[in-house]
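Worksheet for the structure shown next.
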Amino acid sequence: MKTIRFTKMHGAGNDYIYVDTTRESLPHPEQLAVCWSKSHTGIGSDGLICIGKSDKADFFMHMYNSDGSEGRMCGNGIRCVGKYVYDHQMTHQQDVSIETLSGVKTVHLHLSADGLVDSATVDMGQPQLEMPAQCTKSTAEGAPISIDLNGHHYEGTFVSMGNPHFVIPVKDIQEVDLTQEGSALERHPLFPEGCNIEFVQPLTPYQLRTRVWERGSGITQACGTGACATVVAATLRGITDHQADIQMDGGTLHVEWSQADHHIYLTGPAETVFDGQISIP
């Protein structure tokens, strides 16, 4: 048996297991993500994030969902990667570049009085509004898409933040059966590779309540890229104006869609839950 050191962290309740693969050799991480994510027989998490070396940035982030699928980007996870490398003295910079499968992202770290990271702001880049391939060619980018499914009518906006999102405004988010409706929409033929599903209820012009069905993980307490997609979709539909606080089940994230460079800036907490060791064959 081999012992692996790990740290469990979360951003607004979106929790992952973090392993420094510059020091630990981690065979078959997709299989370990499934095993370790189980709440009763594993560590319990939304997935596994491996921190490695990069030729293009300060670090590389590999992210695996709880079903073993590899994600291209995770807005909450990347903030925690920034906290991990700073708090573990792998860097002394407060601006850290991290390579992901959706490109290199820059993370600005905010320090608490004890000199540790308590939150971070991520430059998430520009949102992509290209329609899914299954949409008719006449559908304009950023235009609402209608879906009729299982007796429900949905009108949502498709936004890619390196991973796909379908954002649906609703009057009362408590009336949404997130498990049933989210899972059905994730696998809708319009999204052959699956899709993250966000239901959003406007509270004020700058406060939005969002719940998430995350592709590959199911219901999560928060989703950073989902919060970004929510602000983009809400701005396009006139619900908000380029920035808002996104209230999710696990906490609040602030998102600004800059009118200067058209980049999305995501700010939110990054917290360590505990350090541990686990044995693998």
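Nothing in this text is a laboratory measurement; each read-out follows from the coordinates by a stated rule. Note that the structure is predicted; figures quoted are calculated from it, not measured. Quick reminder, even Gly has a Cβ in these numbers, built from the backbone with ideal geometry, and neighbours come from all protein chains shown.
For the range 129-281, give me the percentage of DSSP beta bridges that are antiparallel, rounded to the nearest 5 percent.
Taking every DSSP beta bridge within the range 129-281, about 80 percent pair in antiparallel fashion.
Around VAL107, with a cut-off of 12 angstrom between Cβ atoms, what is the net charge of the other residues, counting Lys and Arg +1 and Asp and Glu -1? Please report the intermediate quantities before stating the final value.
Values: positive: ARG79, LYS83, LYS105; negative: ASP58, ASP95, GLU99, ASP123.
Charge balance in the 12 Å sphere: -1.
Cross-link reach is defined here as a Cα-Cα straight distance under 17 Å, omitting same-chain residues fewer than 8 places apart; for LYS105 the aspartates and glutamates meeting it are ASP55, ASP58, ASP95, ASP123, GLU256, ASP261.
Normalised size of the range 30-163, defined as Cα radius of gyration per 2.2 N^0.38 Å with N residues, equals 1.29. Only Lys, Arg, Asp and Glu carry charge here, each on its Cβ (+1 for the first two, -1 for the last two); on that basis the chain has a dipole of about 420 debye about its Cα centre. Built from the Cα atoms of the range 181-281, the convex hull projects on average onto 9.2 nm², one quarter of its surface area. Spin-label pair PHE274-GLN126: with each label point 7 Å from Cα along the Cα-Cβ axis, the two points sit 4.6 nm from one another. Mind checking the log10 I(q)/I(0) for the chain at q = 0.12, 0.14 Å⁻¹? Debye, one equal scatterer per Cα, no solvent, two decimals. Scattering profile of the chain, log10 relative to I(0): -0.71, -0.96. Counting charges near LYS38 (Lys, Arg +1; Asp, Glu -1) among other residues having Cβ under 15 Å from its Cβ returns a value of -3. Given their separation in residues at 0.36 nm each and the Cα-Cα distance between them, ARG187 and ASP118 gain 21.3 nm when the chain is fully extended. Axis angle, to the nearest 10 degrees, between helix 224-236 and the longest C-alpha principal axis of the chain: 20 degrees. Across the chain, the longest run free of exposed loop sites, meaning GluC sites (Glu not before Pro) lying outside DSSP classes H, G, I, E and B with no more than 16 other Cβ atoms within 10 Å, spans 25-129.
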